[in-house]
Amino acid sequence: MKKILFTLLLSLSNLFFANAQVTITPSSFNVTDQITITVSTAAQACNLMGTTPTKVYMHAGIGDDSNAFGFSVVGNWGQDDTVGLMTNNGNGTWSITLTPSTYFGLNGTQQANTTKLGMVFRNANGSQTLKLPPSCGDFIFNVGTFQVNLTAPTNNSATIINSGGNLNISATNTGGVASYNLKANGVSINTNTTSSYAFNHTNITTNTSYDLEVTLGASTITRRFSVIVNPGSTSQAIPNGLENGINLNVSDNTKATLVLEAPGKDFVYLAGSFNNYTPDSNYAMKKDPTSGKFWLELTGLTPGADNTYQYWAVDQTPITNSPSLVKAADPCSKMVLSPYDDPWISNSTFPNLPTYPTGQEREVTWFKTGVTPYNWQVNNFNKPDKDKLVVYEVLIRDFDANRNFQNIIDRIQYFKNLGINAIELMPVMEFEGNESWGYNTSFHMALDKYYGTPEKLKELVDVCHQNGIAVILDIAFNHAFGRNPMVRMWMNDPDGDGWGSPASDNPYFNTTAKHSYSVGEDFNHSSTLTRNYVKQTIKHWITEYKIDGFRWDLTKGFTQNCNSGDDGCTNAYQQDRVDVLKEYADYSWSLDNDHYVIFEHLGTDNEEQQWANYRLGEGKGIMMWGEMFTQYKELAMGFSTQNISRMGHTSRGFTGKRLIGYPESHDKDRLMYEAITYGNGGGTAPVNGNLTNALARMGAIGAMSILVPGPKMIWHFAELGNNQSIYTCANGTVNDEGTFYPGDCKLDTKEQVQWTQNWLADTRRTAILSDWSKLISLKTSEPVFSSDFAISPDGSNIRQRLYVYNNTYPTTQLRNVVVIANFSVGNQNINPSFPTDVYTYPMTWYNLMDNTPITITSPTATIALTPGQFRVYGNRPSTLSSDDFEANQNNINLYPNPTKNSFALTADMAKVEIYNITGQLIKSFNNIISNQQLDITNLEVGIYLIKLTDRNGTSQSKKLIKE
């Protein structure tokens, strides 16, 4: 997870920039003058290119005071195409000569209004940059010999006055006598022709936005500032039953009441579409005398219409470097409009998205009244048992072509065929940017529109529930990022650009992180306000979207006892985070008794035990993420240095099965990439550089992970042997964590090779899919897999053994399972050490993958396995008989299953349709009689859904495995 950095538009002098290693000759220039821009690559804080780069590109833009890149941008980021290529001067400097008006292709109007030139520098592929120290923002230069300096008040400032007060305005300009026109709320109130302007606006009684337009020749420069009138405080008790944020009136769709908790603020205005963002005293929020909350009821709203708003929160005596006025969206927004992200959201993903309101800045809250509630088809979903949970982790952005909720809905048959019973969505809350992992959250209760509408997410949840699949949301409550209103309303903003980090009076955030894994701004979970905000967020997603559980990101950060440089403290047991996280779990269970609570803690066993064993006797207990990447990576690579005992909960001291073990997740590289890149190159089946050999090991990886009792997780497309490194950059190169940032491309949007390379037609990959589907079916349907287990390699970790058993079961049912796997790159003879306590030999065991019987003469007789091969033996056949993995309720059998060339049915059928795992109709047969052989020779190896329709029109489905 990395912090999203905003473009910093810094109005500083050319002299400053010359000292910052960028010079322009001549230093004062007009837009039509030829200039030479020179950059030094000498060592500096924000130079990631080094002192001797091979190439240097200038990525530049031109604009006005509001946006230095607003008129035109030249450069194709990441492309080595000579656009913006600079000349090496041979002395550690690089130059480019250009005429701005020509280089940027400006029209006459743009030339007349150009005041700023912005730039950054990069290497050929854009992975390394040189920016302005110390902020690492963009270099910004003045353009034109005509410049305006607003001396009072400061540019973009807000001055707080009492009603009837005055405002002194003064400015100077270079280049000669200019025309000044001062506008108040769009109406001209004073003009003058001078080079040194002064005016005193008196008896101000309303909030006023000023534009000082200064014109010299054909050029106009505008300076903006405002006055906020103190409306006085209206103390009035808040109505009962209201929560922070927007409260829709259930009996009157023309009303809504807004509530803001903003300690330390003297007064707050509500500005929005309903008052054209020019609030008067009627929109000064009331203050509850008991709680201190600000609130205001809106009336006269049009049901179904789009409404937007911001809070104007004022502190008349702010602490040093904090603004008096902050304009911010509602911290408890359910939806927001963003000027930064919305223009790139497609209409197909989010139809009829409202236009961001003209003239505003930063996010605004968006709401409607009188919206028809979603018509849920499943209201009381019966969640899968925690012991049987198989979670499929999905990053929607990289899952399918349109990168939205609809893609997940469209692939529901794929998930059903795989057999998983829970989907975990990486964060879908409003985050900064569009193509992110989502951990850079800015609004925890708002849905990110890049993935789709609220109705579409509800449909996704509903469809999953209809198919027996729970939906879990990944949520990041360790931190928030700079757009978050609770950061901005109490921020340290010394340069006055409207962005900043938490100030010392921030009631929600620490000024510095209290742990060593900081990203973004660090929440203070000892704060009652923070805990209330977290609980309200939990309630929103559970009640509004019927979310079945949360995976809590980075729970190590929920302590106040450490600091950013102290790993020892952060990783040690901390009672305060044990307590607060139990409090959050209790609240979740108070709303949903069976709610899944999952922590990504990755900490010490003694601390994780506090959560895993918590309220276990009530059927609860918090599930802990159990990362096993290194161990399974070694097995995939063909090495024996690691064991996998910690895939099970008992090794960690958990009383119940509350460990979500996993070989792969979004945070680690792909096993197959590691195996192919770094694997064992010896033996009869080397994996280094050999994709076929590497993929052949994934079935064994699944058997030795999925079948370990307790909840387990799959990272999307592991079931197809995904070998695309998560460090793959947008340009196709691979830069891992060892590469100097921003070489780490972990967060880059990935090519969806699973579809573009048609992996479902690759028999090497569908063989993995078939194996994992069977393994998941065994785990979720056979009672023994909720029982005891032992992981005991046969003398070496390359000869793995897993024993699953329940000694209370009779021998007439499946009570003992022995899994063996060869992770060597050569043939191995493995001693299975079959149990002998209630069995005598010779006896028949069954390969549960197809129920094939095998006679075992001795429990210790070795079994030969080729590299990557595995076996799953049971004392009895699986009840998931080979003729029907879905255990249909009727007695129609499909056989043989699995099969190679054909299958038959034990009943007559009017129609038999064959669908692939994506739901596409592949083949169909009409008027079939019982035991008639149906040819499928031309089908690819894989899993298929067979739809049977009898002569009465009744349909049912069965699963077919083509070998």
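Throughout, read-outs are computed from the coordinates displayed, never taken from laboratory work. Since the model is a prediction, treat every value here as computed from it, not as a measurement. Here the Cβ is made from the backbone with ideal geometry for all residues, glycine too, and neighbour counts use every protein chain on show.
Structure notes:
- √(5λ) per eigenvalue of the Cα gyration tensor, the stretch 37-195, largest first, Å: 38, 18, 14
- Extension gain for Glu361-Ser957 works out to 209.2 nm (0.36 nm per residue, less the C-alpha to C-alpha distance).
- Global form of the stretch 386-764, assessed from the alpha-carbon gyration tensor, a/c cut-off 1.5: rounded
- 5 angstrom amide H check on Phe71, placed H, neighbours 5+ away: Ile62, Gly63, Asp64
- The distance between label points at Asn379 and Thr278 comes to 4.9 nm (points 7 Å beyond Cα on the Cα→Cβ vector).
- Nearest-20 debye value, the stretch 729-880 charge dipole, Cβ charges on Lys, Arg, Asp, Glu: 440
- Surface/4 of the Cα convex hull for the chain, nm²: 44.1
- Within the stretch 214-228: backbone nitrogen closer than 13 Å to the Ser188 label point (7 Å, Cα to C-beta): 214-215
- Spin-label model distance (nm) - Asp950 vs Thr511, 7 Å beyond Cα toward Cβ: 7.6
- Using R0 = 51 Å, the C-beta based FRET efficiency linking Asn253 and Asp605 works out to 0.40.
- Between Ser833 and Asn67, the contour length at 0.36 nm per residue exceeds the Cα-Cα span by 268.5 nm.
- If R0 equals 30 Å, the separation of the Cβ atoms of Asn166 and Tyr340 corresponds to a calculated FRET efficiency of about 0.25.
- Annotation: aspartates and glutamates with alpha-carbon distance below 16 angstrom to Lys911 (same-chain offsets under eight excluded): Asp935, Asp950.
- For the chain, the Cβ-based charge dipole about the Cα centre amounts to some 1040 debye (Lys, Arg positive; Asp, Glu negative; other atoms uncharged).
- Relative to the Cα centre, the charge distribution of the stretch 106-257, modelled as +1 at Lys and Arg Cβ and -1 at Asp and Glu Cβ, gives a dipole magnitude of about 320 debye.
- Dipole of the stretch 386-764, positive end: most advanced residue of Met426, Gly568, Thr511 [Cβ charges, Cα centre]: Met426
- Helix-derived mean residue ellipticity, 222 nm - over the chain, DSSP H n ≥ 4, -39500 (n - 2.57), to 500: -4500 deg cm²/dmol
- Taking the chain as a whole, the Cys residues whose C-beta sits 4.7 Å or farther from every other Cys C-beta are Cys332, Cys464.
- Distance between modelled label sites at Ser235 and Thr372, nm, 7 Å Cα→Cβ extension: 4.8
- Flagged links, alpha-carbon separation over 24 Å, of Lys255/Lys287; Lys582/Lys779; Lys657/Lys962; Lys383/Lys657: Lys582/Lys779; Lys657/Lys962
- Secondary structure note: in the chain, about 80% of the DSSP beta bridges are antiparallel.
- Efficiency of FRET from Cβ geometry, Thr857 and Leu242, R₀ 51 Å, rounded to 0.05: 0.10
- Listed by chain and number, the aspartates and glutamates whose alpha-carbon sits under 15 Å from that of Lys293, ignoring those within fewer than 8 places in the same chain, are Glu243, Glu261, Asp266, Asp315, Asp330.
- All lysines inside 17 Å of Lys633 as judged from Cα atoms, apart from same-chain residues fewer than 8 positions distant: Lys668, Lys712
- Each peptide in 461-467, 349-355 was scored by the mean count of other Cβ atoms within 10 Å over its residues; highest first, the order is 461-467, 349-355.
- One decimal place: the segment Gln316-Ser651 gains 114.8 nm when fully extended, by the rule 0.36 nm per residue minus the C-alpha distance.
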